[in-house]
1. Any residue at all in the range 24-45 that is within 30 Å of G1 (Cα to Cα), aliphatic (A, V, I, L, M) and not in a loop (DSSP other than H, G, I, E, B)?
2. Kindly indicate whether L21 is closer than 16 Å to F51 by Cβ and either of a type in the set (F, W, Y) or in contact with a Ser or Thr (Cβ under 7 Å, 6 or more places away or on another chain) (or both).
3. Collect the residues in the range 43-60 that are open to solvent by less than 50 Å² (accessible area, probe 1.4 Å) and more than 23 Å from L21 (Cα to Cα), keeping them in residue-number order.
4. Would you tally the residues in the range 41-58 being farther than 28 Å from P10 by Cα and out of contact with any Phe, Trp or Tyr (no Cβ under 8 Å at 6 or more places or on another chain)?
5. Restricting to the range 1-42, and then to whatever is open to solvent by less than 40 Å² (accessible area, probe 1.4 Å) and of a type in the set (A, V, I, L, M, F, W, C), can you tell me which residue is nearest to N65 (Cα to Cα)?
6. Considering the range 47-65 alone, what residues qualify as being assigned to a strand (DSSP E or B) and under 16 Å from H37 (Cα atoms)?
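The values are calculated or read from the model by the stated rules, or taken from the named source; none is laboratory data. None of these values were measured; they are calculated from a predicted model. Here Cβ is always computed from backbone atoms with ideal geometry, including for glycine, and neighbour counts include all displayed protein chains. Calculation scope for accessible area: heavy atoms of the full protein, side chains included, ligands and nucleic acids excluded. Shrake-Rupley method; radii C 1.70, N 1.55, O 1.52, S 1.80 Å.
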Amino acid sequence: GCILRGKLYPFGRIERTQDCLSCNCNQDEINCCSLYHTPVNYDKEKCEVVFNKITCNYDVVEKDNPSKECFVYSRV
C-alpha cells in the first residue's frame, strides 16, 4: 500500500482520504487531487470561509450569523 500523512492506504484508487483527497496508489507512487474547490469571489467583508470535512467542501457563511450561507461568485 501507500502511506499518506501517516495513514496506510491500499493499492488502487482511493475515493476519499481523511484529508479530502482522491488518490491513485501503486507500487511506485501515490498521486492525489483535492475533492474541493476554494471560493475566491464572495463578499469578504460580510462573509468568511469555513472548511467542512464532512462534505469535503468550503462553506461560505456570514461572519455575524454562521447559519446563513453567502453567495459565491466563483471557485478555483
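1. Yes, there is a match, as at least one residue in the range 24-45 is within 30 Å of G1 (Cα to Cα), aliphatic (A, V, I, L, M) and not in a loop (DSSP other than H, G, I, E, B).
2. For L21, the condition - closer than 16 Å to F51 by Cβ and either of a type in the set (F, W, Y) or in contact with a Ser or Thr (Cβ under 7 Å, 6 or more places away or on another chain) (or both) - is met.
3. Answer for the range 43-60, where residues must be open to solvent by less than 50 Å² (accessible area, probe 1.4 Å) and more than 23 Å from L21 (Cα to Cα): just C47.
4. 5
5. Among them, the one singled out is C20.
6. Once the filter is applied, which keeps residues that are assigned to a strand (DSSP E or B) and under 16 Å from H37 (Cα atoms), the range 47-65 yields E48, V49, V50, F51, N52, N57, Y58, D59, V60, V61.
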